[in-house]
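Read through the structure below, which is laid out as structure tokens, and then see the notes.
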Amino acid sequence: MITNYQNATTEIEEIRHRVFVYASDENAGYSFEVDANGDLLKPTALIRENFAKCEAAVANGEMLDHGIEIYRNSYRIPASGSCECGERIYLNGDTECACGRKYNVFGQELRSFRDDYYGDDIFDD
Ligand SMILES: [Zn+2]
């Protein structure tokens with residue numbers, strides 16, 4: 001039997017980009033992944049250099065600063081629970097724990113049902 005059952009949830013991840021486009025062509029430009037404060041997430045030397053070039057291009061009118069654009073991704077975390085052996089397992093359809101116990105998506109154990117239904121005697125002559 002599963003204990004500590006947790007319902008499936010949908011998580012929403014927000015990814016922020018600071019976007020600069022060319023004044024002469026707003027379909028072309030640069031974007032940089034940033035955190036909630038607008039700070040660069042992966043500030044390698046090359047990324048900092050390109051970011052500085054974009055800011056300079058905004059200052060001289062070659063580029064436009066579109067600010068931070070937010071993209072949202074959603075993903076599902078399946079229901080989960082603790083197997084009798086203590087292992088935490090995710091119930092993504094019928095799931096087998098490393099210990100051999102099987103559960104359906106609601107955390108109901110399937111092994112006893114299977115053993116009753118498909119018992120060895122069915123296949124004996
Ligand atoms: Zn187990």
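Here, each number is a calculation from the coordinates, and none is a lab measurement. This one's a predicted model, so the numbers in the text were calculated from it and none came from an experiment. Using ideal geometry, Cβ is built from the backbone for each residue, glycine included, and neighbour counts are taken over all protein chains shown.
A few notes on this one:
- Placing unit charges on the Cβ atoms of the charged side chains and taking the dipole of segment 1-96 about its Cα centre, the candidate lying farthest along the positive direction among GLY38, CYS83, GLY93 is GLY38.
- Dividing the convex hull volume of the alpha carbon atoms of segment 11-75 by its residue count gives 85 Å³ per residue.
- Each of HIS17, HIS66 has some number of other Cβ atoms within 10 Å of its Cβ, and from fewest to most they run HIS66, HIS17.
- Segment ASP39-ARG76, length gained on full extension (0.36 nm per residue, minus Cα span): 10.5 nm
- Rounded to the nearest Hz, the phi-derived 3J(HN,Hα) couplings of segment 20-35 under the Karplus curve 6.51 cos²θ - 1.76 cosθ + 1.60 (θ = phi - 60°) are 10, 10, 6, 4, 7, 7, 6, 8, 10, x, 9, 9, 10, 5, 10, 8, where x marks glycine and proline.
- Normalised contact order of the chain, rounded percent, pairs of Cα under 8 Å and 6 or more residues apart: 30 percent
- Extension gain for ASN27 to GLU13 (0.36 nm times residue separation, less C-alpha to C-alpha distance): 2.5 nm.
- By the Cβ-Cβ criterion of under 4.7 Å, the unpaired cysteines of the chain are CYS54.
- Between helix 45-59 and the chain: long-axis angle, C-alpha atoms, 0 to 90°, nearest 10: 50 degrees
- Under 5 Å, built H, 5+ apart or other chain: amide partners of LEU110: LYS102, TYR103, ASN104
- Residues ARG16, ARG48, ranked from the fewest to the most other C-beta atoms within 10 Å, line up as ARG48, ARG16.
- If only the Cβ of Lys and Arg carry +1 and only the Cβ of Asp and Glu carry -1, the dipole of the chain around its Cα centre is close to 520 debye.
- Net +/- balance of residues flanking GLU33 in space, Cβ distance below 10 Å, scoring K and R +1, D and E -1: +2
- Surrounding net charge for LYS42, when Lys and Arg each add one and Asp and Glu each subtract one, Cβ distance under 14 Å: -1
- Exposure proxy order (Cβ contacts within 10 Å, fewest to most) of THR44, THR95: THR44, THR95
- Available extension along the chain between LYS102 and LYS53 is 11.9 nm, counting 0.36 nm per residue and deducting the alpha carbon span.
- Long-range amide H partners of MET63 with built H, under 5 Å: ALA23, VAL58
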